[in-house]
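Everything below concerns the one structure shown next.
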Amino acid sequence: MARRASRAGVDLMTWFVTDDGFPEHPKVDRLEAICGTWERFAAARTVWHDMGCDCARRLTDGAFLRVRAHRVCRMPREVVDAALECLAAAGLIRIDGADGFVFHAWSEYQPT
């Protein structure tokens, strides 16, 4: 599905771009309200960040599977699952199929 970016056999560094206004964005305010506790909110923000980095590195154009989130995020599965549901409810990602997710407006903010 995904591969590491390379040119002439040399790995290229990819970047996950985050708007400097992200901490005060209305969707992040909504995420905080949906999560209910600072622990769930922190977990959701960590999942968002870590999966963004992973999608950029693997060149997936913002798409990922739940099983990949379980591998990348280094938290208990139930915490990751709850974070994914909160992120989807806040509109930061969308559900794509049974176990897939896609970042909202990936191509508007990230290189594709």
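Heavy-atom accessible area, probed at 1.4 angstrom with all protein chains present, ranks Val79, Val67, Val47 as Val67, Val79, Val47, highest first. Pairs of Cα atoms nearer than 8 Å and 6+ residues apart set the relative contact order; for the range 17-103 it is 33 percent. Using only side-chain charges placed at the Cβ, +1 for Lys and Arg and -1 for Asp and Glu, the dipole size of the range 17-112 relative to its Cα centre rounds to 360 debye. For the set Leu87, Leu65, solvent exposure ranked by accessible area (probe 1.4 Å, protein chains only) runs largest to smallest as Leu65, Leu87.
Using the Cβ of Ile95 as centre and a radius below 13 Å, the other residues enclosed give a net charge of -2, where K and R count +1 and D and E count -1.
Sorted on the mean count of surrounding Cβ atoms within 10 Å across their residues, most packed first, peptides 97-104, 24-31 read 97-104, 24-31. The fraction of all Cα pairs in the chain landing in successive 5 Å bins from 0 to the largest distance is 2, 12, 23, 24, 20, 11, 5, 2, 1, 0, given as whole percents. Here's the picture: charge each Lys and Arg Cβ at +1 and each Asp and Glu Cβ at -1 in the chain, and of Trp38, Val67, Trp48 the one pushed furthest to the positive end of that dipole is Val67.
When the chain is treated as a GNM with alpha-carbon contacts under 10 Å, the residue of Met51, Met75, Met13 showing the greatest mean-square fluctuation is Met13. Under 10 Å, Cα contacts only: if you run a Gaussian network model on the chain, which one of Ala33, Ala56, Ala88 comes out with the highest mean-square fluctuation? Result: Ala33 has the largest fluctuation of those listed. Helix-only arithmetic for the chain: the sum of -39500 (n - 2.57) across DSSP H runs with n ≥ 4, divided by the residue total, places the mean residue ellipticity at 222 nm at -15000 deg cm²/dmol.
The values are calculated or read from the model by the stated rules, or taken from the named source; none is laboratory data. Remember, predicted model here, so these are calculated numbers, not experimental data. Note: ideal-geometry Cβ built from the backbone for every residue, glycine included; neighbour counts use all protein chains shown. These accessible areas exclude ligands, DNA and RNA; they are computed on the full protein's heavy atoms, side chains included. Shrake-Rupley method; radii C 1.70, N 1.55, O 1.52, S 1.80 Å.
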